[in-house]
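The structure under discussion appears below in the form of structure tokens.
The values are calculated or read from the model by the stated rules, or taken from the named source; none is laboratory data. All of these numbers come straight from a predicted model, not from anything done at the bench. FYI the Cβ positions are ideal-geometry reconstructions off the backbone, even for glycines, and counts take in every protein chain you see.
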Amino acid sequence: MEEQLALMIRTPDEPGVLNALTRVIVEHRANITYVDIADRRESTSTVYLELEKVTAPDSLIEDLGSLPIVYVVDRAPSFAKVYGKRIIVVGGGAQVGQVVIGAVAEADRHNIRGERISVDTIPLVGEENLAGAVRAVARLPRAVALVLAGALMGGDVADAVYEIREKGIIVLSLNMPGRVPDAADLVVSDPVQCGVMAVMSVSASARFDIRLQRGRRY
């Protein structure tokens, strides 16, 4: 039976570590879905791996632990299980704060019933900074929706919105001057309500279909 597996592996902080680890994983015909290197200190680091199609997890852990470079191998809950889907809120500080109030309140209703939806924010100004942040959302693990909360957004920011929508990211926008509202999936004037609807658009339990709302303004 295949299963998913998340591991924390303590190793020396030196070249060749990932090569040695992935060689064992390939031998077990497991697939790496996420990797991160964290906790670098005192010439050691922790490699966090999320794997799928693992047929013999105990055997895989034993083989990894037998490598000379491996100090400790521990199972861990996956980020998807702990933090779940991620909603990213970007824009002006005051507007971001109000969107987050709505998003966190709505996420709490769903998470208390077993879902996992998290909310991340960054207040930013300037077209270049905003466009870079928008494009980066498509590279963030588990990010499924973006809310753009500002007073004026357009130009390259709107181009970036079209790009990440092509990659499957849902984009909500406050009603504001500029091209971003026209580029977004959904425009909501009230920032608190925008945060609520962002969560509803990604929730597995909400009776809200973003496909039926695209192009609308509230």
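Points to keep in mind about this one:
- Some residue of the stretch 23-39 being hydroxyl-bearing (Ser, Thr, Tyr) and over 23 Å from the mean Cα position of the chain (by Cα): no
- Meets criteria (touching a strand residue (DSSP E or B) at 6+ places or on another chain (Cβ under 8 Å) and at pLDDT 95 or above) for VAL202: no
- Checking VAL144, VAL137, VAL187 one by one, the residue that is within 21 Å of GLY102 (Cα to Cα) and out of contact with any Leu (no Cβ under 8 Å at 6 or more places or on another chain) is VAL144 and no other.
- Some residue of the stretch 18-27 being part of a strand (DSSP E or B), closer than 18 Å to SER78 by Cβ and touching a residue at least 40 places away in the same chain (Cβ under 8 Å): no
- Qualifying positions in the stretch 45-62 - part of a strand (DSSP E or B) and on the phi < 0 side of the Ramachandran plot: SER45, THR46, VAL47, TYR48, LEU49, GLU50, LEU51, GLU52, VAL54
- If you go through the stretch 136-195 and keep only what is within 22 Å of the chain's Cα centre (by Cα) and β-branched (Val, Ile, Thr), you end up with VAL137, VAL144, VAL147, VAL157, VAL161, ILE164, ILE169, ILE170, VAL171, VAL180, VAL187, VAL192.
- The stretch 3-38, residues that are over 19 Å from VAL82 (Cα atoms), loosely packed, with under 13 Cβ neighbours inside 10 Å and not basic (Lys, Arg): GLU14, PRO15, GLY16, ASN19, VAL26, GLU27
- Screening ALA158, ALA149, ALA183, ALA145 for residues that are among the hydrophobic types (A, V, I, L, M, F, W, C), touching a Lys or Arg at 6+ places or on another chain (Cβ under 9 Å), assigned by TED's automatic domain parsing to the domain that holds GLY92 and within 30 Å of LYS81 (Cα to Cα) leaves exactly one candidate, ALA145.
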